Amino acid sequence: MIGCRTGENRPEMWTPSSSLEEVSGPSPERFINRETSWLDFADRLLDVASDPGLPLLERARFLAIFSGGLDEFFQVRVAGLKDQVAAGISRHSPDGLTGAEQLTAIRDKVAALVLRQAAVYRDELVPGLAKAGVEICDVKALDRADAERLASVFADTIFPVLTPLAVDPGHPFPYISDLSLNLAVIVTDPATAEQRFSRVKVPSLLPRFFTLSEQGGTSTGSGVPIRIVPLEQVIAAHLDALFPGMEIGAHYAFRVTRNADLTLEEDDADDLLSAVEMELRRRRFGRAVRLEIDASMSNEVRELLVRELEIEGGDVYTTAAPVDLGGLWSICSLDRPDLALDTWAPVVPARLAGPEGEPADVFGVIRERDLLVHHPYESFSASVEAFIQAAAADPDVLAIKHTLYRTSGDSPIVKSLIKAADAGKQVAVLVELKARFDEERNIEWARALEKAGVHVVYGLVGLKTHAKTALVIRSEDGGIRRYCHIGTGNYNASTARLYEDIGLLSASEELGADLTELFNFLTGYSRRDVYRKIVVAPTMLHGRVIELIDQQGARGPDGRIVLKVNGLTHPDIIDALYRASSMGVPIDLIVRGICMLRPGVPGLSENIRVRSIVGRFLEHSRIFCFGRFPDSSAPDGILPEVLVGSADLMERNLDHRVEVMVPVEDASLRGRLIEILQLNLTDDTWSWELGPEGSWKRTTPVTGLSVQRRLAEIALQRERRWPG
């Protein structure tokens with residue numbers, strides 16, 4: 001395994017200058033910078049992309065994931081810091097850096113990451129694929145037959161959708177849209193010898209990488225090689241068709257990233273839907289925050305782009321690889337199973353598998369006792385989707401209430417909700433219009449739901465609704481019964497095959513009453529902030545997490561805290577964990593992405609360990625465990641409290657979003673969650689550990705345990721041992 005790189009000048013050990021009690025306000029002793037911590041996560045993605053033990057197409061996928069994540073980082077985080085600096089705001093981050101200082105740190109780290117990405121692509125991926133019969137070719141290296149075929153395809157498919165835009169006194173510099181790939185072309189008029197700049201936009205609807213040959217390679221890589229050419233090179237090879245009669249000079253690829261964060265004045269908006277639509281139109285014209293260019297670009301063209309885009313020289317990033325490797329997704333889909341991981345087929349949760357493969361009565365199963373589902377190891381379609389589908393079709397179901405933060409483009413759940421409304425059931429759905437980068441899709445779904453007669457609520461003013469909840473009200477013998485789903489992931493069938501998430505299905509009367517009151521808060525007027533079982537942000541969760549941490553702190557070495565989250569940034573939570581550590585509580589944090597806490601610092605956090613799992617599936621579940629695992633070391637009669645839900649331990653989640661966490665009280669289900677945590681803590685294949693100085697180091701394999709592989713094995717074993 002390849003370990004995570006560490007900077008040459010990083011100290012071996014971080015030593016605090018003062019104790020926790022003596023420090024308040026911004027403090028590098030207590031906090032790692034949020035932005036550079038995310039970039040360290042991006043570095044871990046590149047670690048995976050450069051791992052020779054992975055199939056080549058999986059490595060290409062991680063390069064694409066890295067590119068997409070970096071795009072969003074600039075669109076939102078860097079854009080926000082630039083706005084802060086431009087407005088003259090001198091606010092410091094928790095680690096004590098100003099906005100300008102953070103931008104400098106970001107620039108240095110991103111420049112190194114881009115170099116590393118290009119090296120992995122150029123020196124590892126391309127040669128490896130070529131050896132396996134997948135050749136990513138330079139257009140200049142094609143033989144005559146390929147060149148002729150390319151010319152025919154260009155004329156028939158590509159040329160009709162291209163629009164060259166000249167820049168001269170009669171043609172101002174064109175607007176360059178966010179994340180569009182472009183060619184900067186220098187042409188000369190032979191009649192006047194005048195040199196002109198022109199921009200050609202590479203169509204985003206066409207594949208980023210163009211396949212020249214049929215996929216003739218076999219599963220072993222023999223046969224005719226698959227030849228692939230970047231689309232911008234195809235266009236560049238035929239520029240004479242776009243500029244007839246002109247002399248074609250140099251051409252360079254470039255790409256612009258713009259501020260894409262929505263800024264809503266919600267208090268002044270009479271119609272939230274219209275306000276979001278207006279901001280989406282403005283997003284297209286956001287300020288440029290990054291310029292990516294081909295490393296061969298001339299200084300003259302570079303200076304022109306910097307000037308016209310009104311950015312600074314430090315916002316320019318050069319690459320020796322094709323600009324925008326997010327386009328590698330098209331290569332990942334090649335039909336070469338020998339170059340990819342085996343396809344994982346989620347199993348049907350054992351209790352939902354009826355006799356001879358027939359679906360079980362989902363309501364009967366949940367009524368019998370709570371059901372925990374673990375995606376993608378267990379099927380989302382056979383559990384959560386089946387739950388909503390059954391509710392839509394069941395004549396005894398009176399109403400369905402649902403939150404939608406993100407969903408898939410062809411959502412079976414939305415179709416079921418529409419079907420339920422068509423059948424005369426009461427259906428209420430909160431569609432969060434402010435789910436970043438899914439706003440347009442959510443607007444479309446909201447309108448489709450409204451058209452079907454669904455009661456649609458467009459979120460709450462000042463808060464995003466990030467909770468993953470569904471409530472079904474059913475008429476049964478003896479009265480009304482409520483069935484609930486509370487999860488950690490979105491109601492999205494596509495991501496449910498790639499994201500690791502937990503869902504709890506229950507017929508608990510207390511949970512049903514809680515969700516009823518939560519939906520009354522979301523859809524009507526209610527100020528309830530205390531519930532029977534669920535813990536809700538922003539009213540309760542912040543304080544409850546600190547209370548649970550402090551309870552373990554009071555137990556000292558007999559206490560135990562294990563938290564699995566996507567991000568840990570909230571200063572109050574971090575300081576509470578430091579307090580518990582100082583009392584001797586062993587603390588393990590499993591943080592996929594951003595972590596601002598410094599572990600292992602003497603006098604501050606020597607009892608805290610932090611690790612990150614980055615593997616085939618995106619670790620997305622949130623599991624909070626307070627108390628020792630039930631083994632010989634656990635005090636008699638004290639069972640850990642385990643909660644699952646939608647909230648990360650970040651300011652946005654605890655203070656600015658509606659989130660729901662639910663305690664899992666069934667002993668067997670709690671045992672499953674503890675097993676998941678234990679496997680996360682013993683993985684030594686796809687795990688990294690955070691040091692006190694803020695650097696991540698890949699764990700050295702000893703047992704070779706992969707948490708994701710093991711959980712897949714457990715899912716298969718559980719399915720097979722279930723009777724029937």
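No value in this document is a laboratory result; all are computed from the given coordinates. Because the structure is a prediction, the values reported are computed rather than measured. Positions of Cβ are backbone-derived with ideal geometry, glycine not excepted, and every protein chain shown enters the neighbour counts.
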- Assuming a ≥ b ≥ c are the square roots of the Cα gyration tensor eigenvalues, decide whether region 535-721 counts as rounded (a/c under 1.5), prolate (otherwise, with a/b larger than b/c) or oblate. rounded
- Quick one: work out the % antiparallel among DSSP beta bridges in region 535-721, nearest 5. 65 percent
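Counting each DSSP H run of 4 or more residues in the chain as -39500 (n - 2.57), what helix-only mean residue ellipticity at 222 nm follows after dividing by all residues, to the nearest 500 deg cm²/dmol?
On the way: 21 runs with 233 residues, N = 724.
My calculation for the chain gives -10000 deg cm²/dmol from helical runs alone.
I'd like the trypsin sites (Lys or Arg not before Pro) in region 499-590 restricted to DSSP loop residues with at most 12 other Cβ atoms within 10 Å, sorted by number.
Details: sites: Arg527, Arg528, Arg532, Lys533, Arg544, Arg555, Arg560, Lys564, Arg579; in loops: Arg527, Arg528, Arg532, Lys533, Arg560.
Sites meeting the loop and neighbour criteria: Arg527, Arg528, Arg532.
Averaging over all projection directions, find the projected area of the Cα convex hull of region 471-563 and quote it in nm² with one decimal place. Could the numbers behind the result be given before it?
Values: hull surface 36.0 nm².
For region 471-563, averaging the hull's shadow over all directions gives 9.0 nm².
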- Overall form of region 45-115 per C-alpha gyration tensor (a/c, 1.5; a/b vs b/c): prolate
- Loop-located chymotrypsin sites (Phe, Trp or Tyr not before Pro) in region 46-145 whose Cβ has at most 14 other Cβ within 10 Å (DSSP): none
- Rounded to whole angstrom, the alpha-carbon centroid of region 355-397 lies from that of region 506-520 at a distance of 18 Å
- For the cross-link pairs Lys82/Lys109; Lys564/Lys697; Lys533/Lys564; Lys401/Lys564; Lys109/Lys468, which exceed 25 Å when the distance is taken from alpha carbon to alpha carbon? Lys401/Lys564; Lys109/Lys468
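Which order do the peptides 645-654, 471-480, 92-101, 607-616 take when ranked by the mean count of other beta-carbon atoms within 10 Å per residue, highest first?
Working: 645-654: 24.2, 471-480: 14.5, 92-101: 17.8, 607-616: 21.2.
So the peptides 645-654, 471-480, 92-101, 607-616, ranked by packing, come out 645-654, 607-616, 92-101, 471-480.
If you wrap a convex hull around the Cα atoms of the chain, how much volume per residue is inside, in Å³?
Numbers: hull volume 137.0 nm³, N = 724.
Dividing the Cα hull volume of the chain by its residues yields 189 Å³.
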- Task: Select from Ala111, Ser198, Ser411 the residue farthest towards the positive end of the dipole of the chain; place +1 on Cβ of Lys and Arg, -1 on Cβ of Asp and Glu, and compute about the Cα centre.
- Result: Ser411
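Give the shape of region 380-533 as rounded, prolate or oblate, defined through the alpha-carbon gyration tensor: a ≥ b ≥ c are the square roots of its eigenvalues, a/c under 1.5 means rounded, and otherwise the shape is prolate if a/b is larger than b/c and oblate if not. Kindly include the intermediate steps, with their values, before the conclusion.
On the way: a/c = 1.30, a/b = 1.17, b/c = 1.11.
Rounded, because the longest to shortest axis ratio a/c is under 1.5.
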- Note on the structure: Note: Glu308 to Glu547 extended length (0.36 nm per residue) minus current alpha-carbon separation gives 80.7 nm
